[in-house]
1. Are any residues in the stretch 32-45 crowded, with 23+ Cβ neighbours inside 10 Å and either in contact with a Ser or Thr (Cβ under 9 Å, 6 or more places away or on another chain) or small (Gly, Ala, Ser) (or both), and if so, which ones?
2. Need pairs with beta-carbon distance below 9 Å; first residue free of Cβ contacts under 8 Å to residues at least 24 places away in the same chain and closer than 23 Å to Asp102 by Cβ and within the stretch 142-163, second among the hydroxyl-bearing types (Ser, Thr, Tyr) and surrounded by 15 or more Cβ atoms within 10 Å (Cβ to Cβ); sequence gap 6+ or separate chains.
3. Filter the stretch 86-105 for residues that are without any contact (Cβ under 8 Å) to a residue 60 or more places away in the chain and either in contact with a Gly (Cβ under 8 Å, 6 or more places away or on another chain) or not in a loop (DSSP other than H, G, I, E, B) (or both) and give the result.
4. Quick check on Gly151: is it touching a helix residue (DSSP H, G or I) at 6+ places or on another chain (Cβ under 6 Å), surrounded by 12 or more Cβ atoms within 10 Å (Cβ to Cβ) and at positive phi?
5. Tell me which strands (runs of 3 or more DSSP E) are completely within the stretch 117-190 and hold 1 or more residues being over 22 Å from Cys63 (Cβ atoms), or say none if there are none.
6. Residues in the stretch 40-85 that are over 15 Å from the mean Cα position of the chain (by Cα), part of a loop (DSSP other than H, G, I, E, B) and not charged (D, E, K, R): how many?
7. Given the conditions (1) modelled with pLDDT of 95 or more; (2) within 19 Å of Gln146 (Cβ to Cβ); (3) basic (Lys, Arg), report the number of the one that Arg91 does not fulfil.
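The values are calculated or read from the model by the stated rules, or taken from the named source; none is laboratory data. None of the values given here were measured: they were computed from a predicted structure. No Cβ is skipped: glycine too gets one built from the backbone with ideal geometry, and neighbour counts run over all protein chains shown.
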Amino acid sequence: MNKPWRTEWPSTTHDWATEVDTAHVQRIRRDPATMAPGGLQHLILEVVAYAADEAEAIGSGRCLIVLHPDGSVSVSDKGRGTDTRTDDRGRPIRKPIMSSKDLRFFDHPETQTLPDRHPRRGISVVAALSQWLVHTNRRRTGAWTQRYEHGIPVSDLLPVSTTGPTGTTVHFLPDPNLPPGNALNTPDLLAMANSWSHLSAEIDDARPPRQQ
């Protein structure tokens, strides 16, 4: 639902006026082969691209990619944390990056390619093509987390401890029917994640040995 006061906030990367764009999420889910060519590797790079954006904005940055034993992946950076503002009733509102299109890329796939040479469309692709995704951000003004399932929020924006540095963590479990890609090769993924000039990336591969 659109909120009148949201229209006063300039839309740079995402439209603040749209909390959840269900049609957008459904469009992604209808065509996973186009939205996630290369499978899981592409989804990871879609997330890392936002850490790279943040690193470029502040001059440099780091991110940690964790490949968890349950098949989920988390990407954490130490940037400023996803933009979060206060509405007319004093409630925190986080930029709707998970459930609405990235205005820079989604309808303009020729604008930027990721290091895998496939078009960048935005992090909403990751949310829509995941069984679940948890988005946690820590800013100087507070910290919040929210859970999504198949791109739709299933929890409120909940406050969490502000202990520790600012930054953003995106933790997701990809859909089991994600289009198959090449086997996830850790050295190749690390090289691609480090191809952004302002970003330094590390990988912690906690998967069972047979999956590595």
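1. The answer is Ala36, Leu43.
2. Correct list of pairs: Thr145/Thr136; Thr145/Thr169; Glu149/Ser130; Val154/Tyr148; Ser155/Thr145; Ser155/Tyr148.
3. Of everything in the stretch 86-105, those that are without any contact (Cβ under 8 Å) to a residue 60 or more places away in the chain and either in contact with a Gly (Cβ under 8 Å, 6 or more places away or on another chain) or not in a loop (DSSP other than H, G, I, E, B) (or both) turn out to be Thr86, Met98, Phe105.
4. Judged against the criteria, Gly151 is a match.
5. 130-139, 142-149
6. 5
7. So the condition that Arg91 fails would be (1).
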